[in-house]
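Undergrad: Let me begin by handing over the structure; questions about it come next.
The values are calculated or read from the model by the stated rules, or taken from the named source; none is laboratory data. Keep in mind that what you see is a predicted model, and the values were worked out from it rather than measured. Cβ: placed from backbone, ideal geometry, glycine included. Neighbour counts: every protein chain shown. Surface areas here come from the heavy atoms of the whole protein model, side chains and all, with no ligands, DNA or RNA. Shrake-Rupley method; radii C 1.70, N 1.55, O 1.52, S 1.80 Å.
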Amino acid sequence: MGLLAYLKTQFVLHLLIGFVFVVSGLVINFIQLCTLVLWPLNKQLYRRLNCRLAYSLWSQLVMLLEWWSCTQCTLFADQATMDRLGKEHAIIILNHNFEIDFLCGWTMCERFGVLGSSKVLAKRELLCVPLIGWTWYFLEIVFCKRKWEEDRDTVIAGLRCLADYPEYMWFLLYCEGTRFTEKKHRVSMEVAASKGLPPLKHHLLPRTKGFTTAVQCLRGTVAAIYDVTLNFRGNKNPSLLGILYGKKYEADMCLRRFPLEEIPQDEKEAAQWLHKLYQEKDALQETYNQKGVFPGEPFRPARRPWTLLNFLFWATVLLSPLFRFVLGVFASGSPLLILTFLGFVGAASFGVRRLIGVTEIEKGSSYGNQEFKKKE
């Protein structure tokens, strides 16, 4: 193990990275709060500012993937599709099998210049999570309770508000609703059988309400749907904790573009289109498992320096006073002050670990275990 690889495994560095992320995030959240006064005066200026503030936070996580772990991301697509990326509003459909699938999605958003303006349909519980939920609130992210009867009006209103968004926007949609587990897959396939749908081997049955509503509300704004099927070489199952330890992975993404006019306007037909899409995604995943490669021409969009420069900026601003404070604490010789500081460090490490835990599959929601048995 080289020196750099060894340093990446050290807890103290992880704690410093976590410190920079959390404190910069709180500063960014405060600035976002201050920008609320702009909403009634100039809504589009408010949105542009918050795109950049959100970028300053989320790009720190992308930096970990691109520069810390040096994970490689390869797209399999055609040249015409690649030429359009980042140059139009789009709905992005991703599979939800891995702990860092969201991070791979964000990496592609970053490389095509839409990370700050990317959107998701998020569970409402995340609204209470510091940094993550708070930043999303100011970004006009659409939150839902996963109970369609209660969510319908909220989701429609949130999506329609995005119709005049001033920056190119990618709306990232996980149609399965929850991460893949064997238990959820078994229940999901029972529902598929009861509805006469073909079984899926590598995906859960997609939930169609969110998709059809997004297509209906964003029609006229969004130009296309991009389907992304993600896998990792060597049957790896990466985690955010692994990324933090500097482990390098190789992510492959099969990318297909569907012009929005090809999606049926009728809700039932659009739902059938989505089911057919997931059958194709399942076949693509099976092909990858057998051949180790997706069909299409491989592209490796170059990583940009901005994520690294942004992190170095925040690290310079925040770590210098931290080091001076720590030296002052130990120079004081006060046992009470030193013990208080060590207690704070322990609490901070626990908090960082809890934030990482949000991404872990085994600590994910139970949504999908029994809910698949209910009618959509």
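Undergrad: Condition (residue is surrounded by 18 or more Cβ atoms within 10 Å (Cβ to Cβ), farther than 18 Å from residue 119 by Cα and touching a helix residue (DSSP H, G or I) at 6+ places or on another chain (Cβ under 8 Å)) applied to segment 219-229: is it met by at least one residue?
TA: So far as segment 219-229 goes, yes, one or more of its residues are surrounded by 18 or more Cβ atoms within 10 Å (Cβ to Cβ), farther than 18 Å from residue 119 by Cα and touching a helix residue (DSSP H, G or I) at 6+ places or on another chain (Cβ under 8 Å).
Undergrad: Additional query: When the residues of segment 257-283 are narrowed to those that are more than 20 Å from residue 205 (Cα to Cα) and in contact with a strand residue (DSSP E or B) (Cβ under 8 Å, 6 or more places away or on another chain), which ends up most open to solvent (accessible area, probe 1.4 Å)?
TA: Across segment 257-283, the extreme among qualifying residues is 265.
Undergrad: Here's another thing I want to ask about it. So for segment 300-320 (the condition being assigned to a helix (DSSP H, G or I), within 27 Å of the chain's Cα centre (by Cα), exposed (fewer than 14 other Cβ atoms within 10 Å of the Cβ) and basic (Lys, Arg)), does at least one residue qualify?
TA: no
Undergrad: Further question on the same structure: So, of the residues in segment 13-46 that are touching a Ser or Thr at 6+ places or on another chain (Cβ under 7 Å) and among the aliphatic types (A, V, I, L, M), which turns out to be surrounded by the most Cβ atoms within 10 Å (Cβ to Cβ)?
TA: 28
Undergrad: Considering only residues of segment 97-123 that are closer than 25 Å to residue 27 by Cβ, more than 11 Å from the chain's Cα centre (by Cα) and not aliphatic (A, V, I, L, M), which is most open to solvent (accessible area, probe 1.4 Å)?
TA: Result: 113.
Undergrad: Quick one: which of 121, 159, 131, 94 is in contact (Cβ under 8 Å) with a residue 24 or more places away in the chain and at positive phi?
TA: From the options 121, 159, 131, 94, the qualifying one is 131.
Condition check ((1) over 30 Å from residue 85 (Cβ atoms); (2) outside the structural domain of residue 60 (by the TED database); (3) modelled with pLDDT under 95) across all residues:
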| site | (1), (2), (3) |
| --- | --- |
| 252 | no, no, no |
| 258 | no, no, no |
| 292 | no, no, yes |
| 318 | yes, yes, yes |
| 328 | yes, yes, yes |
| 333 | yes, yes, yes |
| 340 | yes, yes, yes |
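Undergrad: Also, quick follow-up: Working carefully through the options 292, 246, find the one that is in contact with a Leu (Cβ under 9 Å, 6 or more places away or on another chain) and small (Gly, Ala, Ser).
TA: 246
Undergrad: I've got another one for you. Where residues in segment 191-218 are free of Cβ contacts under 8 Å to residues at least 40 places away in the same chain and part of a loop (DSSP other than H, G, I, E, B), which of them is least open to solvent (accessible area, probe 1.4 Å)?
TA: 196
Undergrad: Report the residue count in segment 70-92 for those that are surrounded by 21 or more Cβ atoms within 10 Å (Cβ to Cβ) and assigned to a loop (DSSP other than H, G, I, E, B).
TA: The total comes to 3.
Undergrad: Every residue in segment 136-171 that is assigned to a loop (DSSP other than H, G, I, E, B) and at pLDDT below 90, please.
TA: 145, 146, 147
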